[in-house]
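Notes to accompany the following structure.
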Amino acid sequence: MFYNSPMSFYSGEKYYRDTPIDFGDGSGHGRSASEAAWDYVRPASTGRDTSGFGSLLSTEKESSDSFPPDTPDEIRALWKECRSESVFLLRNESFYRQALMMKDFKDAYEPVPYSAHFPVFANMKISQMRSYFSFRREARRSVFLKVSPAYIYVYVYEILCGIGIRDDRQAYDMLEELADAYKNEYPALYEDICRWMKDYAVYHGMQDEIDSFFEKEKISDKNIEIIFYPEKYDKEKIFEAVCEFSAYKIDRSVFYRKYPDTVKIAVVKTVDVMNDYYQSLCKRSFFEYCFGLMKQNPYRPFNGAVFYSPDKIGQAEIRIDPVRVFRCREGIWTLSSYNAAGKNKALGNVLRKLDRQLRIAYGFSRELKDNSPDPLMDIYIKKAVEATKQEEYIAEHPPIEVDLSKLEEIRSDADVIRDALLTEEERDVRSNEEVFTPESVGGSHPKAKAPFEEEKSPDNTSANASDNPFTETEICFLRLISQKGDWRAFLKEKHIMEGVMVDAVNAKFLDIIGDSAIEECNGEMSIIPDYEDDVRGYI
């Protein structure tokens, strides 16, 4: 497509034609040959101050021949430097050179107003230049005058560029002091300085400052890690992490206020089942659905500030935490992180559905409308709710566990109680009888034989063998049960509680065959049929 050039518009030609510029007298119109080679003319002075509109050159009617008489030589030199700089020199580098030239200058001048979108020396009047260096002199002494914020910004730029700074630590402390001094008067300035302080810490690799300044980001990144690896954390941490990013505030729900523990358990179950849902639906995790993959985005240190450093950083890597890393490659900075800014609508949608299903499952009076129907997702969330109810039921009805290691202690306590209940006559009778204990196994005293006990020959080891774990009393008890004898009378005669004897016998069978051998049915004791042969081997 052709366009009419300015030179050929009226001739109807549809191409551009180079036309020599005629200066009239052929001498460059009073300019040197080098100036005549460029179509550049300084703007004429209008008498108006347009410095506040981003003009790089002040339009004040001042020149090298019209300085006020008391103007310091350094200010005159700076003024001339600003007006003689090359048009090809970038603003940031130009500012750096001018600031470096004036790094030790001090002035004493009553500050005048100054306003500019990008305040630099080149758009200051002479009076404003003197005002700035007067302000800077006091600021370097930690005396902060009430001046236009543009002056403060210029001072910040100088600190960022390292003008008059010994080391990074001093620069950082100066920025912090400056921010604290003006945070109430100029909140926007305070926010800019804080942002550039973070950049300064990253750019110069100040690890201690990075740890303190990126505390909020570290907490957020930790919550991302919790959602990514929920199996490593408890329900409280998972719930807090989910609530931080969710657009739907389930922790403010009326159902949560009444059943907080139920909601916390349900959120954990939901994270699990939603991983299955998204893996089956689109082959990616629930975490990736909410936050995507880690991205490497361009990062510009000191964005919005006038910054220049002659010492360029070629390679650098600043690791804030496992999921947030700043890198510099050939002077190009990037930031690797997850997109966790703002509230996550996808996560909020899931939690809203969960809140709705919980209210239905628990018969809550105030129902919640489903704004985004998804039958398949609802099925998975219902699974999470059912798992929540199951976990709560188990917590309310814990299984009964018998600690068999306590049986010996129970027997001992039972003996003490039994002896305390005996009458004097019963104690006298008992003193004449031998009390059967585990230590009496293998005894030869005639009183050790219980009723129904058969005499064994020396070579018969079925009951009295050294590997038989049962006492004579326990063997007699087992025989009575096997032969349908009166085992109750036997235990009463031996002053042994029924439960104590059964527990003792079953505890030993548990070690031998891995199960109890005696069971009670309708008040009667019997040997479990599957273990009759095992019992006979010991009686």
Residue count, region 503-523, condition surrounded by 11 or more Cβ atoms within 10 Å (Cβ to Cβ) and free of Cβ contacts under 8 Å to residues at least 60 places away in the same chain, comes to 12
Residue in region 240-283 that is farthest from residue 346 (Cα to Cα), counting only those that are outside any helix (DSSP H, G or I) and out of contact with any Lys or Arg (no Cβ under 6 Å at 6 or more places or on another chain): 259
Enumeration of residues in region 103-160 that are among the hydroxyl-bearing types (Ser, Thr, Tyr) and within 19 Å of residue 171 (Cβ to Cβ): 132, 142, 151, 153, 155, 157
Would you mind stating whether residue 115 is out of contact with any helix residue (DSSP H, G or I) (no Cβ under 7 Å at 6 or more places or on another chain) and either outside the structural domain of residue 163 (by TED's automatic domain parsing) or part of a loop (DSSP other than H, G, I, E, B) (or both)? no
Index of the failed condition, residue 208 passing every other in (1) closer than 16 Å to residue 321 by Cβ; (2) surrounded by fewer than 18 Cβ atoms within 10 Å (Cβ to Cβ); (3) under 15 Å from the mean Cα position of the chain (by Cα); (4) not small (Gly, Ala, Ser): (3)
Just to check your reading of the model, which residue among 142, 127 is touching a residue at least 24 places away in the same chain (Cβ under 8 Å) and hydroxyl-bearing (Ser, Thr, Tyr)? 142
Per the list (1) acidic (Asp, Glu); (2) surrounded by fewer than 13 Cβ atoms within 10 Å (Cβ to Cβ); (3) more than 18 Å from residue 201 (Cα to Cα), residue check on residue 317 breaks on (3)
On the given criteria, is residue 208 closer than 30 Å to residue 171 by Cβ and either among the aromatic types (Phe, Trp, Tyr) or out of contact with any Pro (no Cβ under 8 Å at 6 or more places or on another chain) (or both)? yes
Picking from 522, 506, the residue that is of a type in the set (S, T, N, Q), over 20 Å from residue 409 (Cβ atoms) and either in contact with a helix residue (DSSP H, G or I) (Cβ under 7 Å, 6 or more places away or on another chain) or in the same structural domain as residue 417 (by TED's automatic domain parsing) (or both) would be 522
Testing residue 293 on (1) in contact with a helix residue (DSSP H, G or I) (Cβ under 8 Å, 6 or more places away or on another chain); (2) within 28 Å of residue 242 (Cβ to Cβ), one condition comes back false. Which one is that? (1)
Evaluate the following for residue 481: is it hydrophobic (A, V, I, L, M, F, W, C) and surrounded by 18 or more Cβ atoms within 10 Å (Cβ to Cβ)? yes
Return the residues of region 159-174 that are without any contact (Cβ under 8 Å) to a residue 60 or more places away in the chain and surrounded by fewer than 19 Cβ atoms within 10 Å (Cβ to Cβ); say none if nothing qualifies. 165, 166, 167, 168, 169, 170, 173
Kindly list the number of the only condition in (1) surrounded by 19 or more Cβ atoms within 10 Å (Cβ to Cβ); (2) among the charged types (D, E, K, R); (3) farther than 25 Å from residue 366 by Cα that fails for residue 264. (3)
Any idea how many residues of region 227-244 are closer than 26 Å to residue 327 by Cβ and surrounded by fewer than 20 Cβ atoms within 10 Å (Cβ to Cβ)? 2
Which numbered condition in (1) outside the structural domain of residue 362 (by TED's automatic domain parsing); (2) part of a helix (DSSP H, G or I); (3) not hydrophobic (A, V, I, L, M, F, W, C) is the only one that residue 225 fails? (1)
Scan region 204-222 residue by residue and report those that are in contact (Cβ under 8 Å) with a residue 12 or more places away in the chain and in a helix (DSSP H, G or I). 209, 210, 213, 217, 218, 220, 221, 222
Subset of region 274-314 [among the small types (Gly, Ala, Ser) and within 26 Å of residue 325 (Cβ to Cβ)]: 285, 292, 304, 305, 309, 314
Out of 188, 201, 179, report the one residue that is touching a Cys at 6+ places or on another chain (Cβ under 9 Å) and either small (Gly, Ala, Ser) or in contact (Cβ under 8 Å) with a residue 40 or more places away in the chain (or both). 179
Considering region 287-314, residues that are free of Cβ contacts under 8 Å to residues at least 60 places away in the same chain and within 14 Å of residue 347 (Cβ to Cβ), and then whichever is surrounded by the most Cβ atoms within 10 Å (Cβ to Cβ), we arrive at 289
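Table: residues versus (1) in contact with a Cys (Cβ under 9 Å, 6 or more places away or on another chain); (2) closer than 20 Å to residue 178 by Cα; (3) buried (at least 22 other Cβ atoms within 10 Å of the Cβ).
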{"residue": "77", "(1), (2), (3)": "no, no, no"}
{"residue": "82", "(1), (2), (3)": "no, no, no"}
{"residue": "90", "(1), (2), (3)": "no, no, no"}
{"residue": "101", "(1), (2), (3)": "no, no, no"}
{"residue": "115", "(1), (2), (3)": "no, yes, no"}
{"residue": "126", "(1), (2), (3)": "no, no, no"}
{"residue": "137", "(1), (2), (3)": "no, yes, no"}
{"residue": "146", "(1), (2), (3)": "no, yes, no"}
{"residue": "157", "(1), (2), (3)": "no, yes, yes"}
Only unsatisfied item for residue 333, checking (1) under 30 Å from residue 276 (Cβ atoms); (2) buried (at least 18 other Cβ atoms within 10 Å of the Cβ), is (1)
Look at residue 150 and say whether it is in the same structural domain as residue 69 (by TED's automatic domain parsing), in a helix (DSSP H, G or I), at pLDDT 95 or above and of a type in the set (Gly, Ala, Ser). yes
Residues of region 64-110 being free of Cβ contacts under 8 Å to residues at least 60 places away in the same chain, acidic (Asp, Glu) and in a loop (DSSP other than H, G, I, E, B), in sequence order, are 65, 70, 85, 107, 110
Pairs only if they're at least six apart or on different chains, beta carbon under 7 angstrom, first in region 240-258 and among the hydrophobic types (A, V, I, L, M, F, W, C), second assigned to a strand (DSSP E or B); list them, first residue then second. 245/344; 247/344
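The values are calculated or read from the model by the stated rules, or taken from the named source; none is laboratory data. Only a predicted model underlies this, so the values are computations on that prediction, with no experimental measurement involved. A quick note on method: Cβ atoms are made from the backbone with ideal geometry, for glycine too, and the neighbour counts reach across all protein chains shown.
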